[in-house]
Amino acid sequence: MIDLIVTKFKTYLNTFLEALELILIVSAFFYGQHVQKLEDNSDLDKANVEFQKKVDTEVNRRKLIEETFESKLDNIQIINKTINTKVQKEIQKEVYTDCKIPQSGIDLLNDSINKNNDTRKGGVK
């Protein structure tokens, strides 16, 4: 009878140990995933910190440019001067009112216009 109890106890103990092993394996897997997520978040945090440093550097650079520009604007002095001079000699240029294009020039213009109109889609009617 005791042998039967010991055998049953060993069977239950083996079953319990197998279940415990399975639980440990599954737990180790999920713990590994948890650790990986923490590492990924750590890498993401590092990237965010680096990006924020770059943004801060750019903001500081732009502020420096703005301050330099404003200081230069503050130092600008506007001076109005009136200059009076007399005209000593007035030169009149000749204005051509009759603009005559020779027939060869007109032919060149018309040929160019016709070529441009022909190259357009459908041409001009």
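Which one of the conditions (1) surrounded by 10 or more Cβ atoms within 10 Å (Cβ to Cβ); (2) of a type in the set (A, V, I, L, M, F, W, C); (3) under 58 Å from the mean Cα position of the chain (by Cα) does residue 13 fail to meet, given that it meets all the rest?
Residue 13 satisfies every listed condition except (3).
Failed condition for residue 80, given (1) out of contact with any Gly (no Cβ under 9 Å at 6 or more places or on another chain); (2) not in a loop (DSSP other than H, G, I, E, B), with all others met?
(2)
Quick one: is residue 72 within 45 Å of the chain's Cα centre (by Cα), exposed (fewer than 10 other Cβ atoms within 10 Å of the Cβ) and not in a loop (DSSP other than H, G, I, E, B)?
Yes: the conditions hold for residue 72.
With (1) in a helix (DSSP H, G or I); (2) over 45 Å from the mean Cα position of the chain (by Cα) as the list, and residue 66 as the residue in question, which single condition is left unmet?
Just one mismatch for residue 66, condition (2).
Taking the stretch 27-60, which residues are β-branched (Val, Ile, Thr) and at pLDDT 90 or above?
55, 57, 59
The values are calculated or read from the model by the stated rules, or taken from the named source; none is laboratory data. This is a predicted model, so every value here is computed, not measured. When we count neighbours, we look across all protein chains shown, and the Cβ atoms used for this are built from the backbone with ideal geometry, even at glycine.
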